[in-house]
Amino acid sequence: MSNYSIRELSDCDWQEYKAIRLRSLQDSPDSFGSTYEREALFQTKQWKARLRVSPSIHDAVALAAVVGESYVGLLSCVIQEPATRSAHLYQMWVAPEHRGDGVGMALVEQVRKWAYKRNIENLLLSVNTVNSAAMSLYKKIGFEMIGETELLRPDSTLESQIMEAKLNANDS
């Protein structure tokens, strides 16, 4: 069990964000819709832009789990439109040496609170269907499978499953 804290990232944290995002893509290449090869080519402005709310996004947050000076977990949440009642989770990853320490659960719990304050009613995410550990975590914290599976990304034979969690007053 490790002592970790959850912190919100800003564009000033772009180097730490870049490092943990690239590490996640190397460690778990079949867990994401993007690839290490693609994102390793990003320029500084692209990394900073990912940590800002853009004109096409109503609101967003990027969270990191930190142990000492080390970034050990990542999760982003995006609200696409002001009128929507759904938010989407992206980039969920926990360093292998910290899996089972509650880091993933803490990241999702923090996002739930953030989203509830913005009148979001449900969270959506996509998970690789062969990632049983992630699916188990999501089910444990209230996510349910919805809809049909789809390809993880165009160049993959792996499938992903959309999952949804309803928010309530307990998430405040």
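Tally up the residues in segment 93-129 that are polar (S, T, N, Q), within 16 Å of the chain's Cα centre (by Cα) and farther than 17 Å from Gln26 by Cα, please.
3
Restricting the search to segment 1-47, which residues are hydrophobic (A, V, I, L, M, F, W, C), open to solvent by less than 60 Å² (accessible area, probe 1.4 Å) and in a loop (DSSP other than H, G, I, E, B)?
Correct list: Leu9, Phe32, Ala40, Phe42.
What tally of residues in segment 130-148 results from selecting those that are closer than 16 Å to Asp30 by Cβ and surrounded by fewer than 15 Cβ atoms within 10 Å (Cβ to Cβ)?
3
Testing Tyr90 on (1) closer than 28 Å to Thr157 by Cα; (2) over 10 Å from the mean Cα position of the chain (by Cα); (3) open to solvent by 40 Å² or more (accessible area, probe 1.4 Å), one condition comes back false. Which one is that?
Exception for Tyr90: condition (2).
Cβ-Cβ distance below 8 Å, separation of 6 or more or different chains: which pairs start in segment 92-107 with a residue that is free of Cβ contacts under 8 Å to residues at least 40 places away in the same chain and end on one that is assigned to a helix (DSSP H, G or I) and open to solvent by 40 Å² or more (accessible area, probe 1.4 Å)?
Between residues of segment 92-107 that are free of Cβ contacts under 8 Å to residues at least 40 places away in the same chain and residues that are assigned to a helix (DSSP H, G or I) and open to solvent by 40 Å² or more (accessible area, probe 1.4 Å), the close pairs are Arg99/Ala133; Gly104/Leu137; Met105/Leu137; Met105/Lys140.
For every residue, the table says whether it meets (1) under 15 Å from the mean Cα position of the chain (by Cα); (2) modelled with pLDDT under 95; (3) within 22 Å of Asn168 (Cα to Cα).
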{"position": "Ser56", "(1), (2), (3)": "no, yes, no"}
{"position": "Asp59", "(1), (2), (3)": "yes, yes, yes"}
{"position": "Leu63", "(1), (2), (3)": "yes, no, yes"}
{"position": "Ile79", "(1), (2), (3)": "yes, yes, yes"}
{"position": "Thr84", "(1), (2), (3)": "no, yes, yes"}
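Before we move on, is Val130 touching a Leu at 6+ places or on another chain (Cβ under 9 Å) and in a loop (DSSP other than H, G, I, E, B)?
yes
The values are calculated or read from the model by the stated rules, or taken from the named source; none is laboratory data. All figures in this text were calculated on a predicted structure; none of them were measured in a lab. FYI the Cβ positions are ideal-geometry reconstructions off the backbone, even for glycines, and counts take in every protein chain you see. In case anyone asks, the SASA skips ligands and DNA or RNA and just uses the protein heavy atoms, side chains included. Shrake-Rupley method; radii C 1.70, N 1.55, O 1.52, S 1.80 Å.
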